[in-house]
Amino acid sequence: MAFLNGRTVLLYIDTTTPITTALNAVDNSDAKLVACLTSNGFDGSTSAISATTKCSGSYGESIDGEKSWTMNAEGQSQSLEVADPRISHNKLFKLWRDGTTFWAFMYDAALKTVRYGLARIDSFSDGAPDNDAQTFSITLTGIGRPGDADDLAEA
């Protein structure tokens, strides 16, 4: 058994593939790497619907409710060359400002960990500490069902 190195699981954004494309018809061929991350993650949650009654005894009961998901990322802001295809903190700002919906992906090169789906940036921040690297952080809100490696179409 080998552990998966989190350093290899990166965040990518695809603003080219139409947002009307079915989840299982999306591939990662138009995904652009977000530069230069220090951390990123995926969070999924379910809002439980209480099903507790007087018959439940001492323990609460619930059923599956609505699911939601987010991705988050933090990084160091970089001054990228014009021809650099990576997504910079400035491009992320514009996606947040304009409320753009896009395909977001979190995966490693071997596709052992894949999380993806339609998303928008609902939280964006810039940090400019004294005599230190400028930073950014974002939170992407998922829209609809997320996919994993089994759902991803072949590029």
For this session: Report yes if GLU81 is of a type in the set (D, E, K, R) and either within 22 Å of PHE124 (Cα to Cα) or assigned to a strand (DSSP E or B) (or both), otherwise no.
Result: no
Problem set entry | Restricting segment 55-77 to residues that are under 19 Å from GLY147 (Cα atoms) and part of a strand (DSSP E or B), the residue that is farthest from the chain's Cα centre (by Cα) | LYS67
Exercise. What is the residue count in segment 97-149 for residues that are of a type in the set (Asp, Glu), under 22 Å from TRP69 (Cβ atoms) and in contact with a helix residue (DSSP H, G or I) (Cβ under 8 Å, 6 or more places away or on another chain)?
Worked result: 2
Exercise. From THR20, THR52, THR16, which residue is at pLDDT 95 or above, more than 26 Å from GLN134 (Cα to Cα), in a loop (DSSP other than H, G, I, E, B) and over 17 Å from the mean Cα position of the chain (by Cα)?
Worked result: THR20
For this session: Please tell me if LEU80 is buried (at least 16 other Cβ atoms within 10 Å of the Cβ) and closer than 25 Å to ASP27 by Cα.
Result: no
Problem set entry | The listed residue being of a type in the set (S, T, N, Q), touching a His at 6+ places or on another chain (Cβ under 7 Å) and without any contact (Cβ under 8 Å) to a residue 60 or more places away in the chain, out of SER88, SER77, SER56 | SER77
Problem set entry | segment 131-155 residues that are touching a residue at least 12 places away in the same chain (Cβ under 8 Å), paired with ones that are assigned to a strand (DSSP E or B) and of a type in the set (Lys, Arg) (beta carbon under 7 Å, 6 or more apart) | LEU140/ARG120; THR141/ARG120; ILE143/ARG120; PRO146/ARG115; ASP148/ARG115
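The values are calculated or read from the model by the stated rules, or taken from the named source; none is laboratory data. Every value quoted in this text rests on a predicted model; they were computed, and no experiment measured them. Using ideal geometry, Cβ is built from the backbone for each residue, glycine included, and neighbour counts are taken over all protein chains shown.
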